[in-house]
1. With θ taken as phi - 60° and the coefficients 6.51, -1.76 and 1.60, list the Karplus ³J(HN,Hα) couplings across region 230-244 in order, rounded to whole Hz; mark glycine and proline as x.
2. How high is the FRET efficiency from residue 577 to residue 305, r the C-beta distance, R0 25 Å, rounded to 0.05?
3. Ordered by residue, what ³J(HN,Hα) values in Hz, to whole numbers, does region 166-174 give under the Karplus form 6.51 cos²θ - 1.76 cosθ + 1.60, where θ = phi - 60° and Gly and Pro are x?
4. Please arrange 328, 565 by counting, for each residue, the other beta carbons lying within 10 Å of its beta carbon, fewest first.
5. How charged is the neighbourhood of residue 510? Take every other residue with its Cβ under 13 Å from the Cβ of residue 510, and add Lys/Arg as +1 and Asp/Glu as -1.
6. What is the set of long-range amide H partners of residue 518 at a cut-off below 5 Å, with H atoms built 1.01 Å from backbone N?
7. Among 243, 371, which comes first, second and so on when ranked by fewest other beta-carbon atoms within 10 Å?
8. Which net charge results when you count Lys and Arg as +1 and Asp and Glu as -1 among the other residues whose beta-carbon is under 13 Å from that of residue 464?
Amino acid sequence: MAQKAPRLKLARSLDRSLVVIFVAGFSLAAMEGFLLPVAGPMGHVMVLFPVVTVVYLLAGLRAWHRRPGNRLGALILLGGFAVFLNGMSNSDIPVFVAASTIGSTLILAVIVHMLHAFPSGRLKGRLSKVTVLAAYTNSLLLQVPSYIFRTNSDVPFLALAESPLIVGLARWLQLWAGAVVMLATAVVLMSRLVEADAGQRRVLLPLFAYGTFAVIFVPLVAQVLSPLLGLSMDVRAALQLIVIGGIPLAFGHGILRGGFAKTGELEELGSWLGASGGARSALAAALARALGDPTATLSFWLPRQGIFVNEDGSPAPLLSPGANRGQEDIVLGSRKVGAIAYDTTVVEEPALVRAAGQVVAIAVDRERLTVELRESYGALQRSRERLVDAADRERRRIARDLHDGLQMQLVLLALEAAHLAKSSGADADAAQRATRLRQGIDSAAAELRALVHAVMPAALIERGLAAAAEDLTDRMPIPTMLELNLDGGPLTSAVERTAYFVLAEALSNALKHAKASRIQVRLVAKDGWLRLEVHDDGQGGADFNAGTGLRGIADRVDVLGGFLELASTPGDGTLIKVELPCA
């Protein structure tokens, strides 16, 4: 059974924010229901205001939660706030009545905004941006004369003067501006219907038709149908609220369902790619957000190996039968560059996943090359590690052969020479030559022991790094202080050997080249790292490029993924710092 990916901190933060919005919105709706005269003659209409507000609240929160990157959820919540303001005009609290008067037609501008912003939540094209701006201007600014030039309105304290002429002119401008806004909206929506495919058109057509109908019906029923049909105020208000209440349901359905549901998120994904360049760690997260599937994963195709790999170069897991997982290849031109694995219970249409793959194909191909280079570097690094390990094994074999073979033969020859020198049958000259031979053999054996120790010290092999480091510092002819603490974690043999050879090279350089009189050594394992510091008081001036010794140990440190730092100011001694990963 496929496991779901853990929720990100950002997602948990969004959940908490949406809970806060729900509590605040529901509290406003409850307050509205308490303040409005629901027991009066128009009580059935008054009840509709908090009910419709809650419908907007729930639809907006659900859309925002399911599509966090889509702004339509926030727009639906704004529409709910506009409905709340409209309802508060029936309360007895002056500040609410004033706010309601100012935003009495805000809901119409919000609906126009949603029509232009569907499905991505963003306005596309200059005509849409200008039209939506005009809608808000018409709803808010052209509404101003209706209350500042009317002293007999519901908010006389907002009036500056009485001017029926200005009020009439403003209403005329509102009427014609609204007509122009709806005409421009119709042009934009028709062009989108023409450009849409059949599956998208099945979602767009009823949604656009209902939204356009609502924007036209709300003012039309008040100014034309009510006088024409003799509708009472409560019937007119109820019809307006019912039509407006259907808006969040229609848009919420369009966002969450249907063949056009994820297209808005794909548009958002394309915009994000253009703005950010598609950073690796963010690319997979943006893709999962666009598909609305937190378990969606991105893998990269390596043609030479013929496998899909994750971002870190590890093989991508194969799909498990019956785990509700699907996979669609990402193709750039005719080349396969990656794949998207997703939850088939969340994303039901593979075509949407393929469309997302087309949006991110170029970014995926770029990251595929990065992953391929990283994998090649990893292979090179592993090859270097194998070479170092093979060289160390060969060192150990040579040291063992010298110790068990040639060194033992020299010991036996020395014993034989000593026996000849002490033999009672030998003359004085022969005994003297035998003694010199034994001394020569002893000298050769000592040099051989030093060579064996240099190739692979027995103390390191038999007793570990701590004993070998103590042995090295004890044999130094100048004062050498050792601080040793290797209790911070187990060390691999490769790390022990590398640390030993670094220490040996540093001590040798301090003695032979730096002309030091005192050396301090610190060897500590802590927090998963082995740290080695060798500080001498010599003449300084050491350089990586001056010889093969320092360069060689730097290469060994690099092979293990460690760090080496050299500070050697002339006249101020030399400090070598090395950090090696313990495991």
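1. Taking θ as phi minus 60°, the curve returns x, 6, 6, 5, 5, 5, 4, 5, 5, 4, 4, 5, 5, 5, 5 Hz for region 230-244.
2. Numbers: r = 38 Å, r/R0 = 1.53.
Using R0 = 25 Å, I get an efficiency of 0.05.
3. Each residue of region 166-174 in turn: 5, 4, x, 5, 5, 5, 5, 5, 4 Hz.
4. Working: 328 19, 565 10.
By the 10 Å Cβ count, ascending, the order reads 565, 328.
5. -1
6. 537
7. 243, 371
8. Working: positive: 463, 497; negative: 462, 470, 471, 487, 496.
Charge balance in the 13 Å sphere: -3.
No lab work stands behind these numbers, since they all come straight from the coordinates. What you see is a predicted model; the values in this text were computed from it and never measured. Heads up, the Cβs are rebuilt from the backbone with ideal geometry, glycines too, and the neighbour counts pull from every protein chain shown.
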